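Quick notes on the structure that follows.
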């Protein structure tokens with residue numbers, strides 16, 4: 001099948017070249033001007049600025065450009081098309097990826113003092129973790145906005161901590177968010193773990209085994 005296509009394409013190229021060459025040769029000669037009735041025909045074919053031959057040259061150049069482009073694409077396939085397909089596929093997951101980074105880098109009320117709205121020890125530790133481990137293009141700190149009265153003070157506290165201790169690590173964007181991460185403080189999870197440990201049965205040997213350990 002590839003051989004047949006190549007033969008057909010070669011025939012088209014050769015035929016087009018012959019037609020162009022014939023038209024160009026006719027326009028470049030004055031033979032037609034010395035034959036009865038041919039002067040008008042040459043004027044109609046060649047015209048001003050090349051006429052038919054000029055149009056055919058343009059079509060021929062366009063055909064060669066399209067042919068070369070198609071040949072290059074076939075030779076390079078599946079590049080670069082698979083790169084664009086991969087990027088389009090990743091685009092659908094980008095929203096979830098961004099939400100995941102925001103979820104991990106959000107400070108809530110458990111990271112601030114309830115009276116002064118300053119970062120507490122947990123908040124300072126999380127800011128340090130974000131600044132020291134996050135890549136530069138993901139270095140963003142989000143502060144959950146519980147109310148409009150405390151959000152400004154909390155953002156100012158985060159900015160002060162970042163500028164004082166981690167300014168040499170690069171710039172970090174700090175913004176408010178209305179998305180509350182699903183989680184809780186350590187006391188809640190400790191309680192759940194203690195309840196799980198207390199609910200386990202006491203280890204005991206199965207009575208159906210029979211006999212004492214010393215008799216075995």
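The values are calculated or read from the model by the stated rules, or taken from the named source; none is laboratory data. On a predicted model such as this, the values are computed, not experimentally measured, just so you know. Here the Cβ positions follow ideal geometry from the backbone for every residue, glycine too, while neighbour counts run over all protein chains shown.
Annotation for the range 118-130: at least one member residue is within 24 Å of the chain's Cα centre (by Cα) and either free of Cβ contacts under 8 Å to residues at least 60 places away in the same chain or exposed (fewer than 13 other Cβ atoms within 10 Å of the Cβ) (or both). For the range 131-143, filtering for residues that are exposed (fewer than 12 other Cβ atoms within 10 Å of the Cβ) and not in a helix (DSSP H, G or I) leaves 1. Return a yes/no flag: does the range 85-98 have any residue that is in contact (Cβ under 8 Å) with a residue 12 or more places away in the chain and either within 32 Å of the chain's Cα centre (by Cα) or in a helix (DSSP H, G or I) (or both). No, because not a single residue in the range 85-98 is in contact (Cβ under 8 Å) with a residue 12 or more places away in the chain and either within 32 Å of the chain's Cα centre (by Cα) or in a helix (DSSP H, G or I) (or both). Among the residues examined, residue 169 qualifies as surrounded by 11 or more Cβ atoms within 10 Å (Cβ to Cβ), in contact with a helix residue (DSSP H, G or I) (Cβ under 7 Å, 6 or more places away or on another chain), farther than 16 Å from residue 102 by Cβ and modelled with pLDDT under 95. The conditions of being out of contact with any strand residue (DSSP E or B) (no Cβ under 6 Å at 6 or more places or on another chain), surrounded by 10 or more Cβ atoms within 10 Å (Cβ to Cβ) and modelled with pLDDT of 95 or more are not met by residue 146. Whether a residue is more than 18 Å from residue 173 (Cβ to Cβ) and outside any helix (DSSP H, G or I) was assessed, and residue 114 passes this test. Candidates are the residues of the range 51-75 that are touching a helix residue (DSSP H, G or I) at 6+ places or on another chain (Cβ under 7 Å) and at pLDDT below 90; the one that is surrounded by the fewest Cβ atoms within 10 Å (Cβ to Cβ) is 57.
Of all the criteria given as (1) surrounded by 10 or more Cβ atoms within 10 Å (Cβ to Cβ); (2) modelled with pLDDT under 90; (3) part of a helix (DSSP H, G or I), the one not satisfied by residue 187 is (1). Residue check: residue 109 meets all listed conditions (1) over 22 Å from the mean Cα position of the chain (by Cα); (2) free of Cβ contacts under 8 Å to residues at least 40 places away in the same chain; (3) farther than 16 Å from residue 180 by Cα; (4) surrounded by 10 or more Cβ atoms within 10 Å (Cβ to Cβ) but one, namely (3).
Residue 113 satisfies every condition listed in (1) in contact with a helix residue (DSSP H, G or I) (Cβ under 6 Å, 6 or more places away or on another chain); (2) at pLDDT 90 or above except (1).
Evaluate the following for residue 179: is it touching a helix residue (DSSP H, G or I) at 6+ places or on another chain (Cβ under 7 Å), surrounded by 10 or more Cβ atoms within 10 Å (Cβ to Cβ), closer than 24 Å to residue 109 by Cβ and modelled with pLDDT of 90 or more? The answer is yes for residue 179.
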